[in-house]
Amino acid sequence: MAGAYDRQFTATAIGMMMRRAVWARCAARFDRGSRVLEMNCGTGEDALWLVRRGVHVVATDVSAAMLEVARAKVSASTQPASARFQSLAWEGLADFEEGGFDGALSNFGGLNCVEDLRAAARALAAKLKPGGTAVLCLMGPVVPWEWLWFLGQADLARAFRRLRRGGATWSGIPIRYPSIGAARRAFSPQFNCLRVSALGALLPPPYAQGLLGRWPRLIGALDRAERRLESRWPLPWLADHYVLELERRP
């Protein structure tokens, strides 16, 4: 996916709206000069944004191709290099030697590829300072937008794939869709939940860009409405993604 990811998602109007919403939450949690561990960094778009804000980033991903794109992107930036990239999977985080991070970021569903969220929570907690914050963006199980989109194509299997026991398989990778409650319980022994917000409840999913992109004013209005209501029930529970903001317990 590395070669096409930015073109198919990052550079789209809906993709940028979703990413800016996550950046707003990162801006609220990560101070200039702080050290942030980014898991599943993809093509480095978030790492580059953090660097521009004066945050020191250790960005990791399991994909060598994604890391190659990310390194090139940051190297081409005019900002001072304060990002380092390293190959790392969530399952290997416990053995990662570095620690003492002020914050952590996992964007756009990396944790949906992890079988044991409790183990991921323990490993992440060990890398953060007490009081450190984590911004975690996961795909949720109940997405009316997805139901309508795929039912309109008479594709029942994809419409309700997130509700299947054990999740779904995509490109050979098992994808799970934990509810907000399940994710909070997995992280609760080590983290306090500070905030939950919606990402893609009113705003349509990125794969609708091709059809709905012809109405940019409508998409913009939906994005503005979602940002105003993003933390209000029931939006986070009906969103394509939800954003958990957690604080490492003392």
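The values are calculated or read from the model by the stated rules, or taken from the named source; none is laboratory data. Keep in mind that what you see is a predicted model, and the values were worked out from it rather than measured. For neighbour counting, all protein chains shown are included, and Cβ atoms are generated from backbone atoms with ideal geometry for every residue, glycine included.
Among the residues of the stretch 39-65, those that are part of a loop (DSSP other than H, G, I, E, B) and of a type outside the set (A, V, I, L, M, F, W, C) comprise Asn40, Gly42, Thr43, Gly44, Arg53, Gly54, Ser63. Of note, Pro206 satisfies the criterion of being farther than 30 Å from Pro130 by Cβ and touching a helix residue (DSSP H, G or I) at 6+ places or on another chain (Cβ under 8 Å).
From the list Met39, Met1, the lone residue that is in contact (Cβ under 8 Å) with a residue 40 or more places away in the chain and crowded, with 18+ Cβ neighbours inside 10 Å is Met39.
Note on the stretch 18-38: among residues that are touching a Leu at 6+ places or on another chain (Cβ under 6 Å) and in a helix (DSSP H, G or I), the one that is farthest from Phe101 (Cα to Cα) is Met18.
The criterion of being over 30 Å from Leu128 (Cβ atoms) and either aliphatic (A, V, I, L, M) or free of Cβ contacts under 8 Å to residues at least 24 places away in the same chain (or both) holds for Arg217.
With respect to being surrounded by fewer than 16 Cβ atoms within 10 Å (Cβ to Cβ) and over 23 Å from Glu115 (Cα atoms), Ser87 falls outside the description. Looking across the stretch 45-62 at every residue that is touching a helix residue (DSSP H, G or I) at 6+ places or on another chain (Cβ under 6 Å) and closer than 17 Å to Ala89 by Cβ, the one that is surrounded by the fewest Cβ atoms within 10 Å (Cβ to Cβ) is identified as Asp61.
Arg176 passes every criterion in (1) touching a strand residue (DSSP E or B) at 6+ places or on another chain (Cβ under 7 Å); (2) among the basic types (Lys, Arg); (3) crowded, with 17+ Cβ neighbours inside 10 Å apart from (1).
Being modelled with pLDDT under 95, out of contact with any Pro (no Cβ under 9 Å at 6 or more places or on another chain) and surrounded by fewer than 18 Cβ atoms within 10 Å (Cβ to Cβ) narrows it down to one of Arg224, Arg195, Arg165, so name that one.
Arg165 is the lone residue from the list that is modelled with pLDDT under 95, out of contact with any Pro (no Cβ under 9 Å at 6 or more places or on another chain) and surrounded by fewer than 18 Cβ atoms within 10 Å (Cβ to Cβ).
Here the stretch 66-89 is the region considered, the condition is being free of Cβ contacts under 8 Å to residues at least 12 places away in the same chain and not in a loop (DSSP other than H, G, I, E, B), and the residue that is nearest to the chain's Cα centre (by Cα) is Ala72. Kindly evaluate Arg227 against the criterion of being closer than 26 Å to Asp116 by Cβ and within 18 Å of the chain's Cα centre (by Cα). Here the answer is no, as Arg227 does not meet what is asked. Can you name the residue in the stretch 227-246 that is within 14 Å of Trp145 (Cβ to Cβ) and hydrophobic (A, V, I, L, M, F, W, C) and, of all such residues, is surrounded by the most Cβ atoms within 10 Å (Cβ to Cβ)? Among those that are within 14 Å of Trp145 (Cβ to Cβ) and hydrophobic (A, V, I, L, M, F, W, C), it is Ala239. Across the stretch 105-149, which residue is farthest from Cys193 (Cα to Cα) among those that are touching a residue at least 40 places away in the same chain (Cβ under 8 Å) and acidic (Asp, Glu)? So, considering only residues that are touching a residue at least 40 places away in the same chain (Cβ under 8 Å) and acidic (Asp, Glu), the one farthest from Cys193 (Cα to Cα) is Glu146. For the stretch 101-129, the set of residues classified as in contact with an Asp or Glu (Cβ under 9 Å, 6 or more places away or on another chain) and small (Gly, Ala, Ser) consists of Gly103, Ala104, Ser106, Gly110, Ala119, Ala120, Ala123, listed by residue number.
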